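Structure first, then comments.
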Amino acid sequence: MELSKTDERRSAIVDRLADHVLAHGLVSASLRPLAKAAGTSDRMLLYYFADKSELLAATLQRIAERMTEAMAAQVSPEPLPLDLLRKRLAGMLFEDRFWPYMCVWIELASRAARGDPLYAPIAQAIGQGFLAWGEAQLAADSDEARARDAARLLVSIEGVVLVRAIGLSETVDRSLG
């Protein structure tokens, strides 16, 4: 299906906004800096998006899509056991090209933890998406075991990301060893 010019323009704007947020974080996610990053005005942003919530949801979803695609390209095409997938994923997420995604995720999770009505539903949707991605990557004896292991993967990866973010990389290394 061919995109309309409006949809193409909106998609291009979301790509530029995703680049901006990855480079500068959510702290720079007010309308004027976002409009500048998109090469347009804040009023034009609101032409393409109903409001700031829709704009940020689309931007953060694009960031999540990019990260999921990059992760999928790095992981085995065959399902892996939990411990092996956890090690591969943790090593990959600490690479320079992935770390900006993790920094944005930490900011998003922090705002969601404070009950921010803008960020909480976005964080939950992205978290659910990563959980589903994990289920698709895991080898397990049953659907129940796969769902349990996906939950363990998400929780443990989030833990190692947070611990590394606060400067305790050696602790992370020990936990994965």
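See the values below:
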{"quantity": "Qualifying residue in region 1-8 (condition: surrounded by 14 or more Cβ atoms within 10 Å (Cβ to Cβ), on the phi < 0 side of the Ramachandran plot and either assigned to a helix (DSSP H, G or I) or modelled with pLDDT under 90 (or both))", "calculated": "no"}
{"quantity": "Positions within region 151-177 being under 18 Å from S76 (Cα atoms) and open to solvent by 40 Å² or more (accessible area, probe 1.4 Å), in sequence order", "calculated": "L154"}
{"quantity": "Criterion violated by Q128 - all others in (1) of a type in the set (S, T, N, Q); (2) surrounded by 14 or more Cβ atoms within 10 Å (Cβ to Cβ); (3) under 14 Å from the mean Cα position of the chain (by Cα) satisfied", "calculated": "(2)"}
{"quantity": "Any hit, region 42-58, residues being touching an Asp or Glu at 6+ places or on another chain (Cβ under 9 Å), in contact (Cβ under 8 Å) with a residue 12 or more places away in the chain, assigned to a helix (DSSP H, G or I) and open to solvent by less than 20 Å² (accessible area, probe 1.4 Å)", "calculated": "no"}
{"quantity": "Residue satisfying all of: in region 66-82; in a helix (DSSP H, G or I) and modelled with pLDDT of 90 or more; surrounded by the most Cβ atoms within 10 Å (Cβ to Cβ) among these", "calculated": "L82"}
{"quantity": "Cβ-Cβ under 7 Å pairs, at least 6 apart or on other chains, region 127-150 side under 16 Å from A72 (Cα atoms), far side open to solvent by 50 Å² or more (accessible area, probe 1.4 Å)", "calculated": "E135/R146; Q137/P79; L138/P79; L138/R146; A139/P79; A139/P81; A150/E135"}
{"quantity": "Residue in region 85-100 that is open to solvent by less than 70 Å² (accessible area, probe 1.4 Å), in contact with a Pro (Cβ under 9 Å, 6 or more places away or on another chain) and of a type in the set (K, R) present", "calculated": "no"}
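The values are calculated or read from the model by the stated rules, or taken from the named source; none is laboratory data. This structure is a prediction, so every number in the text was calculated from the model and none was measured. Please note: Cβ atoms are built from the backbone with ideal geometry, for glycine as well, and neighbour counts cover all protein chains shown. Keep in mind that these areas ignore ligands, DNA and RNA; they rest on the heavy atoms of the full protein, side chains included. Shrake-Rupley method; radii C 1.70, N 1.55, O 1.52, S 1.80 Å.
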